[in-house]
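Q: Quick one: structure below, then a few questions.
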Amino acid sequence: MRREHRITAQPAVIIIPMIDIMLFLLVFFMISSISMIQANAIRVNLPAGQSAENDMKPHTVMITITSSGDILYEQDTKPTKDFDEKIKAKVAGDPDAVFVVRGDRKAPYENIAYALDALKAAGVQHISISVDK
């Protein structure tokens, strides 16, 4: 007896739908990770306040004063040397910008006063001081 050999087709892996799913997952995790990034990445021990409110506007600029007295503009990790110019440029581009000063409890008051004076001299209309509730 002679046996018939069947030719069986090799199973094909359809890769296009898998690529679509992987790209979707990549985009999903990229977008969701943006919300996980803290706006206040620089750790500062804020002083306590009784009537503190969480009033973050979309065009908020963070000014951070570390315990060593360094003044940091937005997400800079090094002290800002051209602090006054950065403030003036921001105010010129967005006069309604809200500036939030985040001063560490142990920061020299002189540096906090300097930052507030620089903001006032640049013509900033909206200044807030960040505290812990």
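Every number in this text was worked out from the coordinates using simple rules, so none of it is lab data. Model, not experiment: these values are computed from the prediction. A quick note on method: Cβ atoms are made from the backbone with ideal geometry, for glycine too, and the neighbour counts reach across all protein chains shown.
Q: 7 Å from Cα along Cα→Cβ at both Asp94 and Phe28: what's the point-to-point distance in nm?
A: Between Asp94 and Phe28, the simple spin-label model gives 3.1 nm.
Q: A further question follows. Once label points are set 7 Å from the Cα along Cα→Cβ at both Lys81 and His126, what is their separation, rounded to one decimal in nm?
A: Result for the modelled spin labels: 3.2 nm.
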